[in-house]
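The next block holds one structure in the form of structure tokens; read it before the comments.
The values are calculated or read from the model by the stated rules, or taken from the named source; none is laboratory data. Remember, predicted model here, so these are calculated numbers, not experimental data. FYI the Cβ positions are ideal-geometry reconstructions off the backbone, even for glycines, and counts take in every protein chain you see.
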Amino acid sequence: MLYRLKTKLFFVVWAMLACTVVRAETLNVFTWEGYVLPDEVEAVNKLLKEQGYDYTVNVVSPWAEGPEQMFKVIRGGEVDISFLTLNYIKMQEGKLLKLLQPINVDSPRLSNYQHLSKSLTGIPMALDPQGKPVYIPWGGGAYGIWANMDKLSEADLPKSVAELWDAKWTGKLSLSSGQIQPNIALASLALGKAPFFLNDIRDNQQLRSYSEPNSTLQQKVNGLYKQVGKFWDAGPEFSDDLSLVASYGPGASAHNAAGGNWKLVEFSEGNTVWLDTINFHRNLAGKKLEAAEIFANYFIGKQVQERVVNGLGMVAASSLVDANELLDKNPNFFSEQMFWPPYNKLSDNVMRVISDRAMKQ
């Protein structure tokens with residue numbers, strides 16, 4: 001009996017140690033769907049092995065979905081590397097920022113960092129209290145309006161955001177029902193304001209006044225929602241009965257790859273923009289941190305950055321790519337005022353009140 005207990009105890013301890021070893025050797029990556037492909041994982045694993053690092057990349061489940069979900073997963077402690085959208089980092093008093101560590105931009109394992117666009121490496125909304133970046137730029141794009149070029153000609157396309165309220169687009173426009181901030185941004189631009197001006201208002205009474213039923217912004221959003229033929233939730237639907245669809249680049253690019261013919265409308269006011277980034281958990285250290293840097297360096301290298309442009313329809317963060325169409329056309333594409341900001345709680349609440357009221361009408 002004693003022998004059996006000792007044997008059983010031995011195997012329990014062995015199993016615990018084995019699990020510990022497996023976990024210690026795994027580099028867990030939390031990312032958006034389509035950002036990290038199996039052959040790229042294989043390539044990084046090969047690099048790690050060749051350089052003497054006893055770690056293998058593991059893409060965790062589920063895919064990234066949004067700021068709250070990403071915070072919960074990262075806080076759980078099973079994530080080493082994440083692909084956070086830039087404005088998430090300091091949302092809600094920087095609760096995600098507290099889970100990250102600053103990037104050693106001079107690390108010899110981040111040799112590709114020097115090729116990143118200088119306009120993207122020091123964005124204030126993703127710096128820690130000491131002014132150090134907690135992110136590595138990876139790829140971004142516009143959240144804009146995409147036009148169905150099987151139904152429209154270049155002459156048909158709206159030149160200004162304000163034209164979205166024209167009768168010709170009634171029932172032909174699709175917007176997001178869940179991500180209401182870009183809808184408010186469109187109305188703000190049409191009123192001649194910065195897209196995210198609400199987030200910059202520090203007078204709470206003035207801010208709340210924009211959610212009054214008769215405010216100019218409320219009326220503008222009411223009119224915009226009346227133009228919508230279909231709202232989408234989980235992802236944009238590029239159906240034939242629509243002429244204009246609000247979308248991120250990857251969604252439109254995937255539809256075009258399947259035979260669609262949709263083009264980003266280039267408004268005179270510009271489009272709001274976003275940037276997805278690579279981040280390291282604050283607990284990463286030693287050889288595992290070095291392994292994470294090798295992973296990141298590969299993903300800001302030429303091969304992956306080319307896929308960011310040509311496979312995902314996004315804007316690459318690196319100058320190593322042969323062509324970066326959206327950025328080549330517009331060097332001010334990543335204009336600071338067009339970046340999605342880390343919304344404060346009150347401005348977010350005001351936007352939701354405006355959107356909910358417009359939806360009911």
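Which residues, counting only those in segment 235-281, are hydrophobic (A, V, I, L, M, F, W, C) and farther than 24 Å from ASP150 by Cβ?
VAL273, TRP274, LEU275, ILE278, PHE280
Look through segment 299-322, keep the residues that are surrounded by 19 or more Cβ atoms within 10 Å (Cβ to Cβ), farther than 19 Å from ALA254 by Cα and of a type outside the set (Val, Ile, Thr), and return whichever of them is nearest to the chain's Cα centre (by Cα).
Here the residue is ALA317.
Could you tell me how many of the residues in segment 48-65 are in a helix (DSSP H, G or I) and buried (at least 17 other Cβ atoms within 10 Å of the Cβ)?
Here the count works out to 1.
When you check ALA257 against the structure, is it without any contact (Cβ under 8 Å) to a residue 60 or more places away in the chain and among the aliphatic types (A, V, I, L, M), yes or no?
Here the answer is yes, as ALA257 does meet what is asked.
Six or more apart or on different chains, Cβ under 9 Å: which pairs go from a residue in segment 170-183 that's free of Cβ contacts under 8 Å to residues at least 60 places away in the same chain and over 11 Å from SER355 (Cα atoms) to one that's among the aliphatic types (A, V, I, L, M) and part of a loop (DSSP other than H, G, I, E, B)? Could you list them?
Partner pairs satisfying both residue conditions: GLY171/LEU242.
With the condition kept exactly as written, say whether any residue in segment 108-119 is closer than 21 Å to ASN58 by Cα, crowded, with 22+ Cβ neighbours inside 10 Å and modelled with pLDDT of 95 or more.
Checking segment 108-119: not a single residue is closer than 21 Å to ASN58 by Cα, crowded, with 22+ Cβ neighbours inside 10 Å and modelled with pLDDT of 95 or more.
Consider only pairs whose beta carbons are under 6 Å apart and that are at least six residues apart or on different chains; among these, list those whose first residue lies in segment 308-336 and is in the same structural domain as LEU116 (by TED's automatic domain parsing) and among the hydroxyl-bearing types (Ser, Thr, Tyr) and whose second residue is surrounded by fewer than 21 Cβ atoms within 10 Å (Cβ to Cβ) and at pLDDT 90 or above.
SER318/HIS115; SER319/HIS115
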